[in-house]
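The values are calculated or read from the model by the stated rules, or taken from the named source; none is laboratory data. Keep in mind the model is a prediction, meaning the values are calculated, not measured. All Cβ positions, even for glycine, are placed from backbone atoms using ideal geometry, and neighbour counts span all protein chains on display. To get the accessible areas, we keep the full protein, side chains included, count just its heavy atoms, and leave off ligands, DNA and RNA. Shrake-Rupley method; radii C 1.70, N 1.55, O 1.52, S 1.80 Å.
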Amino acid sequence: SFFYSISSSCRNSSSAGDAVQVHRLLSERPIVDITLAASSALRAAAVGGHAIIIQLLVGAGANINTAIENGSTALHYSCDAGHEACVRTLLTSHAAVNAKGSASTTPLAAACARGRDRARRPPKSGAR
């Protein structure tokens with residue numbers, strides 16, 4: 001698997017939702033360990049609600065289950081912020097739903113604590 005170095009400019013581009021710039025940065029980088037650098041870009045994309053950026057980072061080899069801060073993962077941040085598209089992207093990419101974040105909370109608990117009602121409700125019949 002190829003790993004790319006992701007600089008602070010990738011984190012900033014992820015935060016801004018600039019998919020073209022993130023794609024360019026990922027394609028230009030030499031093979032280097034992505035884990036720590038990508039975690040900050042994943043956090044920025046998750047907080048900012050940028051599902052396409054998450055897809056790009058995962059495609060480049062980022063580990064979506066890496067604990068970013070206080071044990072929280074990108075899924076925690078997406079759930080906490082209520083970004084449904086990011087949550088779906090992370091779940092499709094096999095994010096750990098039982099990961100314990102700050103205060104030993106799971107991503108679902110983070111969503112419920114913030115009043116993200118859709119996280120608590122089962123999908124309507126026939127819903128996709």
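Applying the criterion of being surrounded by fewer than 22 Cβ atoms within 10 Å (Cβ to Cβ) and of a type in the set (S, T, Y) to the residues of region 38-71, the residue that is farthest from S102 (Cα to Cα) is S40. Just one of the listed residues (R29, R24) is at pLDDT 80 or above, among the charged types (D, E, K, R) and over 13 Å from the mean Cα position of the chain (by Cα), and it is R24.
If you go through region 74-103 and keep only what is crowded, with 22+ Cβ neighbours inside 10 Å and under 26 Å from E28 (Cα atoms), you end up with A74, C86, T89, L90.
As a summary of the residue check, V58 satisfies the conditions (1) under 10 Å from the mean Cα position of the chain (by Cα); (2) modelled with pLDDT under 75 except for the one numbered (2).
Pairs are defined by a Cβ separation below 6 Å, a sequence spacing of at least 6 or placement on different chains, a first member in region 96-111 that is part of a helix (DSSP H, G or I), and a second member that is of a type in the set (D, E) and open to solvent by less than 80 Å² (accessible area, probe 1.4 Å); the pairs so defined are A110/D80.
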